[in-house]
Number of protein chains: 2
Amino acid sequence: VTPQQLREQLAAIVGPDHVLTAPDELVAYSYDATPLFQAVPDAVVQPGSTAEVAAILRLCHQHRIPVVPRGSGTNLSASTTPIAGGVVLNFARMNRILEIDEENLTCTVEPGVITGEVHRAVEAKGLFYPPDPGSMHISTIGGNIAQGAGGLRGLKYGVTRDYVMGLELVLADGTVIETGGKNVKDVAGYDLTRLMVGSGGTLAVVTKALLKLVPKPAARRVALALFDELDDAARAVSRIIAHKIIPATLEFLDQATLRAVEDFARIGLPTDAGAVLIMEQDGHPAVCAEDVEAMARLCREEGATRVEVAASEAEAQKLLEARRVALSALARRSPTLVLEDATVPRSRLAEMVRFIQEVATRYDLEICTFGHAGDGNLHPTCMADERNKEQMERVHAAFGEIFAEAIRLGGTITGEHGVGVAKAPYLEARIGPEALALMRRIKAAFDPHGILNPGKIFGTEAQAERGSAG
Amino acid sequence: VTPQQLREQLAAIVGPDHVLTAPDELVAYSYDATPLFQAVPDAVVQPGSTAEVAAILRLCHQHRIPVVPRGSGTNLSASTTPIAGGVVLNFARMNRILEIDEENLTCTVEPGVITGEVHRAVEAKGLFYPPDPGSMHISTIGGNIAQGAGGLRGLKYGVTRDYVMGLELVLADGTVIETGGKNVKDVAGYDLTRLMVGSGGTLAVVTKALLKLVPKPAARRVALALFDELDDAARAVSRIIAHKIIPATLEFLDQATLRAVEDFARIGLPTDAGAVLIMEQDGHPAVCAEDVEAMARLCREEGATRVEVAASEAEAQKLLEARRVALSALARRSPTLVLEDATVPRSRLAEMVRFIQEVATRYDLEICTFGHAGDGNLHPTCMADERNKEQMERVHAAFGEIFAEAIRLGGTITGEHGVGVAKAPYLEARIGPEALALMRRIKAAFDPHGILNPGKIFGTEAQAERGSAG
């Protein structure tokens, strides 16, 4: 099938208005939020229904054409870069909230719905969808499911994986299946639902998702603590958990991030502090008050130089501001931001942050680290310029060491961003060759011709060659 | 390989004391807690280490010998009946708690550890492992993982699936892999950990499990409500959820169960009540008190004829007694108890219970229904006598209708017992032929020669013949 024939057949399925083929349109889908990865697709298709997705997949399966499902493209692992060309499936038209079931505490959505819209819609009914990835005001639920998105509330509430109860899937050959359902308990066969979460669009295409909801917390309280020493902050985190408190969020900023934030937002934080913890508890007002007071006390006991407990929601917003602007504060400092999510068991937090700081010095790089202290999910973020090839080599070498150290500490190469293409070279070191081989066999069981998001998770041939050469 | 050679080679791996081959010993492993299924294995092996399990699997893989992993055999789906003969892997020797990590809130165990022992060990440290299947004082964690065990606390806390963070697995060919880890967030590759939960020993053998813990709730409160009408109780359940209360447990007994319980335990409950709800909240004392008071009020508003709120832990124990003795009360009424776990979305609870009662009348059977009202997980339990073939035919026909109705209501054929052999004939109706075919391909990706627990989930040839004949 020629590219022209392909486009005509796609147009016959979705209508000519929903097949994008102009060069500038294709370029717009040649990259996602991940720096350094770009490839132009042959066509971008905007299906309007499950039946259209199924027809597109039948066509692509028949002709062995790569298919790359894509939401808003906010992922940071090049998971939606069409590195093998083919068809990008854009879900902008399948973006409805189909049902909020207040009796069964579920929400049924199309994959293209924006995560933040789900939050607003369910919160208006006194319900709560906890997963809150950093990109939630732009990202889609379909993308969150593909990447296994996390967020700030992971420790207390879990992540996307814990809130997907069922899926409608289109398999590689166009077959439509449903998994799971509204049953809190269901063990009828293998758990295909969770297998899909975090599979990066390599196993099947999600066309509908049934999400679990919980009651919206009645209240929340926030506190912020400044420490001279990183180790004091890490010890405070351990003390909080040892005190049997599971905070809604427990965020961490290192000194470099703190300085960037203060330089950007002028919040009035002392830039000589070694580390910042931002703590939030939600739920019953008595629980919020007691837990936040206890966390503040534990921080003081571990040497916090300053602890602020917000007395009002407005003050809470102000304290949370430091964390919220971190990425923007860092983004304006350099043309290229390499944002990673090396993750370790919570008890190894201080060791990991110290290692990152040491690596940054050794490679003469500026790496700021912030992230989710409660769940050990760190975001070491390197200021760089992709036009500087020599610097980018150092960035890659530094992150190679950071991933290796995370693995050595019992951690992982990605806590919430996904493997995609960007982290494919590190996957084998994390899970071992036998588990990787097993995952390849699972991939083949779903997608025998390898048309679904080729190169993702398992890497490209170019990566394999680089790997064997190095 | 002859049976004698097999036994010798097994003895060479685990030592002769740990290979059982005497007829009476083999008979003891020919059945599990499921009535009507029995088959004698060729040998029972008690491995003492992962390396021994791996060696056993290499041997069985080479000679295409079925391997049936088994904990305490408390499952109700014939998941550990060695229907194809072969080797039963008994985990009685691999029963240690290896670590309780208070900093990372995890517990590492061998598969043969008793669930209740994990509860006691972690609660002694102020921690909590929520899954509480009915058999928890006998069942093993390995069995809970294989079956995807649930329990009373499923609605609020989730089920086994939600508390397994990592596994050590031996694959069919003896390869050992590790999945997951102590990271709260980890999206490095496909989620093999959760794929294993509920896979019934058909994909790999679990030799170690890393469990997630939470802080032990500080307090609990319990209440009991009696209703004349089933519909009133069901409406009370809906009102509780609509009131944004997620109780720790919310248990239901129908009139038939209530009568059996009262007859057995003489608790002093009026046997003319149409339904009983037992409600429990745990957590902060203020939350417990407010939620239980609110639930009691909602029950009264929906027509409860009597509501008792326990003032003390001793009173709480007394109220919980009615639910706890249900199974024993029913068991003494008949030689054979067919206990099922048809499950529906919570909003369809009353419809489902009424259908079960109607089916029981129509087939002239005594079916008592109790279960987890909060999560729609019902246990219709039929008093029968397996020696009465004609009656057993009616039992099968009745449950066939019950499963079909559960599916029609958006429910499932098994909420927490697993498919095993017993429910294999109903699986296709629940998930569809395409999803079933996909599961077969996943099975083949793990176990190309089909040695791991053959016949489970996908059914036996005899079942397939009966299916096509009917």
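Using the charge dipole of the range A:380-470 (Lys, Arg: +1 at Cβ; Asp, Glu: -1 at Cβ; taken about the Cα centre), state which of A:ILE457, A:GLY411, A:ALA384 has its Cα farthest towards the positive end. Selected residue: A:ILE457.
Taking one quarter of the surface of the convex hull spanned by the alpha-carbon atoms of the range B:348-413 gives a direction-averaged projected area of 4.1 nm². With its label point put 7 Å out from Cα toward Cβ, A:PRO3 sits 6.8 nm from the same residue's point in the other copies, in order from shortest.
Sorted shortest first, the distances from the B:GLY48 label point to those of the same residue in the other copies are 7.0 nm; each point sits 7 Å from Cα along Cα-to-Cβ. Accessible-area rank, largest first, for B:LYS456, B:LYS216: B:LYS216, B:LYS456, with all protein chains present and a 1.4 angstrom probe. Projecting label points 7 angstrom from Cα along Cα→Cβ for A:ALA92 and B:ALA437 puts them 3.5 nm apart. Couplings 3J(HN,Hα) for the range B:98-105, derived from phi with the Karplus relation 6.51 cos²θ - 1.76 cosθ + 1.60 (θ = phi - 60°), are 7, 6, 10, 9, 6, 6, 9, 6 Hz, where x marks Gly and Pro. Extension gain for the segment B:ASP385 to B:ARG333, taken as residue separation times 0.36 nm less the Cα-Cα distance, is 17.7 nm to one decimal. How many Å² of accessible surface get buried when B and A come together, counting both sides, probe radius 1.4 Å, rounded to the nearest 100? That pair of chains buries around 6400 Å² in total. Note that chain B, at 25 °C in a medium of 0.890 mPa s, gets a Stokes-Einstein diffusion coefficient of 106 µm²/s from its Kirkwood radius over C-alpha pairs. In chain B, the calculated helix contribution to ellipticity at 222 nm averages -11500 deg cm²/dmol per residue, counting -39,500 (n - 2.57) for every DSSP H run with n ≥ 4.
For the range A:37-134, GluC sites (Glu not before Pro) meeting the loop criterion (DSSP other than H, G, I, E, B) and having at most 16 other Cβ atoms within 10 Å: A:GLU103. Residue by residue along B:434-446, Cβ atoms of other protein chains within 10 Å of the local Cβ number 6 on average.
The residues of the range A:1-142 expose on average 38 square angstrom of accessible surface per residue, using a 1.4 Å probe on protein heavy atoms. Peptide B:227-239 has a mean shielding of 0, counted as Cβ atoms of other protein chains within 10 Å of each residue's Cβ. Per residue of peptide A:99-106, the mean number of Cβ atoms on other chains within 10 Å of the residue Cβ is 5. Ranking A:ALA22, A:GLN62, A:ALA51 by Cα position along the charge dipole of the range A:1-73, where only Lys, Arg, Asp and Glu carry charges on their C-beta atoms, puts A:GLN62 farthest toward the positive end.
In this assembly of identical copies, the label point of B:ALA397 (Cα plus 7 Å along Cα-to-Cβ) is separated from its counterparts by 7.9 nm, sorted shortest first.
Quantify, in whole percent, the carbon and sulfur part of the accessible surface of chain B (1.4 Å probe; protein heavy atoms only). Carbon-and-sulfur percentage of accessible area, whole number: 50. Taking the average, over residues, of other Cβ atoms within 10 Å as the packing measure, peptides B:72-83, A:169-180 rank B:72-83, A:169-180 from highest down. The loop-placed trypsin sites (Lys or Arg not before Pro) in the range B:1-78, going by DSSP, that have at most 13 neighbouring Cβ atoms within 10 Å of their Cβ come out as B:ARG64. Backbone N atoms of the range B:47-81 closer than 11 Å to the 7 Å Cα→Cβ label point of B:VAL27 are not found in any residue. Calculated accessible area for the range A:381-438 comes out at 36 Å² per residue, all protein chains present (probe 1.4 Å; ligands, DNA, RNA ignored). For the range A:39-105 versus the range A:169-199, the inter-centroid distance based on Cα atoms is 17 Å. Estimated from the Cβ-Cβ distance and a Förster radius of 35 angstrom, the FRET efficiency linking A:ALA286 and B:GLU301 is about 0.85. For chain A, the number of Lys pairs separated by eight or more positions or lying on different chains, with C-alpha atoms closer than 15 Å, is 9. Using 1/(1 + (r/R0)^6) with R0 = 45 angstrom and r between the beta carbons of A:GLU103 and A:ASP228, what's the FRET efficiency to the nearest 0.05? For R0 = 45 Å, the calculated efficiency reads 0.30.
Taking the chain by itself as reference, the range A:154-182 contains these residues with an accessible-area loss of 50 Å² or more in the full protein complex (1.4 Å probe, heavy atoms): A:ARG161.
The values are calculated or read from the model by the stated rules, or taken from the named source; none is laboratory data. Since this is a predicted model, take the numbers as computed values, not measurements. With ideal geometry, Cβ positions are generated from the backbone for all residues, glycine too; neighbour counts draw on all protein chains shown. Accessible surface areas use protein heavy atoms only, side chains included; no ligands, DNA or RNA. Shrake-Rupley method; radii C 1.70, N 1.55, O 1.52, S 1.80 Å.
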